[in-house]
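What follows is a short report on a single structure.
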Amino acid sequence: MVMVLRLVDPARADFGQQLAAKVAQAPDFYRDAPVVLDLETLARWPAPPNVDFQALAGAIAEAGLACVGVQNGTPHLTQAAKRAGLAAFPSARPANRPNAAAETDGTAVAAPAPRAAAPAQPPPPAPAPAREAPPAVVQKVVKGKTRLVTEPVRSGQQIYARDGDLIVMGTVNAGGEVLADGNVHIYGALRGKAIAGASGDREARLFCQRFDPELVSIAGLFRIADQIEADLIGQRVGIRIVDDTLVIDRLS
Amino acid sequence: MARVIVMTSGKGGVGKTTSTAAIGTGLAMREKKTVVVDFDVGLRNLDLIMGCERRVVYDFVNVVNGEAKLGQALIRDKRFDDLYVLAASQTRDKDALTKEGVVRVIDQLREQFDYIICDSPAGIEKGAQLAMYCADEAIIVTNPEVSSVRDSDRILGLLGSKTQRAEKDEEPVKQHLLLTRYDAGRVARGEMLKVDDILEILSIPLLGIIPENEAVLRASNTGNPVILDQESTAGKAYADAVSRLLGEQLEHRFPAEPRPRGFFARLFGGAA
C-alpha cells in the first residue's frame, strides 16, 4: 500500500507538525506507511521552486512515515529528488480523472492559508462521505498475514488488519470497529462498524453471520444502518462491490 | 491470596456503590477479611452507604500521598470485625491519585486482607482506570438498558488493555456480570432488555441478578448495606451473588417469572 502526499508549498515550516497531526488521527493506519510525494502542484508553478527533498524526507520519517519517491514532477524537480535518494514514479493519474484538480482534499482541514501538504486521502478508518476511488497506486494491496481475533470486539475498540484479511470469531459490538485492507469475516454478530478494503481494494468482501451493523464499507463505499433494508437485519450476509455500488447478498 | 475486585460500569447511577457495600459486607459476614475502597474522589458516597461517614478522619488520598498511615485511615465497621472501609476524600479530585501511589496502597492492603473491593467512579477516565488498574477480578454492574450495556462493553474493553495484568501480559482480569435494578415485569413488557440478550452482547459469566427493590433506597438512606436486610429480594440476591463469588454453584433465583398480577395488585399498582 502506498500513500500519496501532495506537496503544495515546500517552504512551510509547520510541514512536520501538520503531518504528525494527521498521523496521530489513526496511528495504526499510518505506521511506517510508504509515501510518495506528488509534485504536480509545484510543477504548475510559473517557476518551480528549489525543494530540499532531503529535509522533507527527514520530516516525513519523523512523523512515522517513509518517503520512498516522487511523482508528477518537472524534470528539474525529479532530478533534485533523485539526488536526495528518492525514486521517481511514473504518474499514477489517469488523464481523464474527474477530480484531477484535487487540491480540494476532502479530509484535510480547509485552511484559508495555502497548505504545506495534505496527505492524499487514504480511505480513513471511519469513512466520511462516499468519495472518489483512491489513486491507482493505492489499489496495489499487498496481501499480508490474516489477522485472527478470538475475543469479542467491544465498544470503543478498533482492530485493523493491515495488508491482509481479518477474521473475528466473536461479535463486533455496537461502538466497536473492525477494518482490514483485505476481506473481513465475522463469525458472530456485527453490531458495530466493519470496513473491508480499507486502503482501496475494491475486490475486498465482507461477510458476517448476523448482520445488524452501524456501518459497513468496502473501499470507501459505505452504507449506514438507516440505508440497509430491514429484512437483511439478523441475516447471514456477504457484501461486495458491483458496478460502483455496495451489494449486500443474503447467504443461504 | 488476596483478591482485588473492582466494581465498575462506565455508566453512573447503576448501583456500583450499593453493590460494593452489599458484597463487601456479605464477604465479611462469611468471615472473609474485607476492605471496601472508595475510588470516587470528590464525590465520596461509600462511607454513607456503609454508615461510617461520621468516622472519617483520614482518607484514601491521604494514604496515597503519604500524609497518613494506612492503619490511620482504615475504618473498622461497627457490625463486623472483618470489615473495613477506606473512604475517598470529598475535598480533592481524581487528579489527587497517582498510579504509583494506588499500586503501593493496594499492595499494602493485599498483605492484610482476603478481599479488596474497589468502588470505581463512573466514566472511563483516570479515576475509573486507576480503580481497575490493580484488579484481579472485575464485577461489571449493568442495568438492563441499552446505554448501560454499551458502557459496560466499553469498560470490558478497557479491562483488557488498561490494567496491570494486561500491561504485564498476565492472565486477564476475571470478569463477572452483575445485573442490577432488574424489573421482571418491565422486561416482560419489552421495556427492558432480557437477561439472555445482555449475556449475548457482553458474553461474560453472570454473577447475579439484583431485582429492583425499594429496600435498596431504604438501606442507602440508613447506612445499612442492603444485604443485611435478608427479608428483601435484593438482600437475598446479593447474598447469592456473594456465594457465587466464593465459588458456590447456585441457581439464579431472580428474576422470578413475572407473576400474573392479581386484581388488587393491579388496582393499587404495588410492586409485585
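The values are calculated or read from the model by the stated rules, or taken from the named source; none is laboratory data. Computed from a predicted model, the values in this text were never measured in an experiment. We place every Cβ from the backbone using ideal geometry, glycine too, and count neighbours over all the protein chains shown.
Quick notes on this structure:
- Lone qualifier among B:Ala184, B:Ala166, B:Ala188 - being in contact with a strand residue (DSSP E or B) (Cβ under 9 Å, 6 or more places away or on another chain) and either farther than 12 Å from B:Ile140 by Cα or surrounded by fewer than 16 Cβ atoms within 10 Å (Cβ to Cβ) (or both): B:Ala184
- Among the residues of the stretch B:135-150, the one identified as within 15 Å of B:Leu109 (Cβ to Cβ) and buried (at least 24 other Cβ atoms within 10 Å of the Cβ) is B:Ala135.
- Per-region count, the stretch B:1-51, residues assigned to a helix (DSSP H, G or I) and either over 21 Å from B:Ile124 (Cβ atoms) or basic (Lys, Arg) (or both): 14
- Residue check for A:Pro48: crowded, with 16+ Cβ neighbours inside 10 Å and in contact with a helix residue (DSSP H, G or I) (Cβ under 6 Å, 6 or more places away or on another chain): yes
- Within the stretch A:70-92, the residues that satisfy the criterion of being of a type in the set (Ser, Thr, Tyr) and more than 13 Å from A:Asp52 (Cα to Cα) are A:Thr74, A:Ser91.
- Residue in the stretch A:198-214 that is part of a strand (DSSP E or B), within 14 Å of chain B (Cβ to nearest Cβ) and more than 15 Å from A:Tyr160 (Cβ to Cβ) present: yes
- Extreme residue, nearest to the other protein chains (Cβ to nearest Cβ), among residues of the stretch B:151-185 that are assigned to a helix (DSSP H, G or I) and free of Cβ contacts under 8 Å to residues at least 12 places away in the same chain: B:Gly157
- Test for A:Asp32: is it under 20 Å from A:Ala87 (Cβ atoms) and either aliphatic (A, V, I, L, M) or assigned to a loop (DSSP other than H, G, I, E, B) (or both): yes
- Qualifying residue in the stretch A:181-193 (condition: more than 14 Å from every other protein chain (Cβ to nearest Cβ), buried (at least 24 other Cβ atoms within 10 Å of the Cβ), within 13 Å of the chain's Cα centre (by Cα) and assigned to a loop (DSSP other than H, G, I, E, B)): yes
- Elements of type helices (runs of 4 or more DSSP H) contained in the stretch A:38-104, each with 2 or more residues being modelled with pLDDT of 80 or more and under 22 Å from the mean Cα position of the chain (by Cα): A:40-43, A:53-62
- Qualifying residue in the stretch B:125-145 (condition: farther than 27 Å from B:Arg3 by Cα and either out of contact with any helix residue (DSSP H, G or I) (no Cβ under 9 Å at 6 or more places or on another chain) or at pLDDT below 95 (or both)): yes
- Scanning the stretch B:187-197 for residues that are touching a residue at least 12 places away in the same chain (Cβ under 8 Å) and more than 14 Å from chain A (Cβ to nearest Cβ) yields B:Val187, B:Ala188, B:Met192, B:Lys194, B:Val195.
- The set of residues in the stretch A:156-180 that are within 14 Å of chain B (Cβ to nearest Cβ), surrounded by fewer than 21 Cβ atoms within 10 Å (Cβ to Cβ) and not in a loop (DSSP other than H, G, I, E, B) comprises A:Gln158, A:Ile159, A:Glu177.
- Within the stretch B:16-34, being closer than 17 Å to B:Tyr238 by Cα and surrounded by fewer than 24 Cβ atoms within 10 Å (Cβ to Cβ) holds for B:Met29, B:Arg30, B:Glu31, B:Lys32.
- Residue, surrounded by the most Cβ atoms within 10 Å (Cβ to Cβ), within the stretch A:194-244, restricted to residues that are of a type in the set (S, T, N, Q) and touching a strand residue (DSSP E or B) at 6+ places or on another chain (Cβ under 8 Å): A:Ser217
- First in the stretch B:198-216 and within 14 Å of chain A (Cβ to nearest Cβ) and more than 18 Å from B:Arg253 (Cα to Cα), second anywhere and outside any loop (DSSP other than H, G, I, E, B) and of a type in the set (Ser, Thr, Tyr), Cβ under 7 Å, 6 or more apart: B:Leu202/B:Ser152
- Subset of the stretch A:194-234 (residues that are closer than 19 Å to A:Gln157 by Cβ, within 14 Å of the chain's Cα centre (by Cα) and of a type in the set (A, V, I, L, M, F, W, C)): A:Ile195, A:Ala196, A:Ala198
- Per-region count, the stretch A:3-24, residues assigned to a helix (DSSP H, G or I) and either in contact (Cβ under 8 Å) with a residue 40 or more places away in the chain or touching a Cys at 6+ places or on another chain (Cβ under 6 Å) (or both): 7
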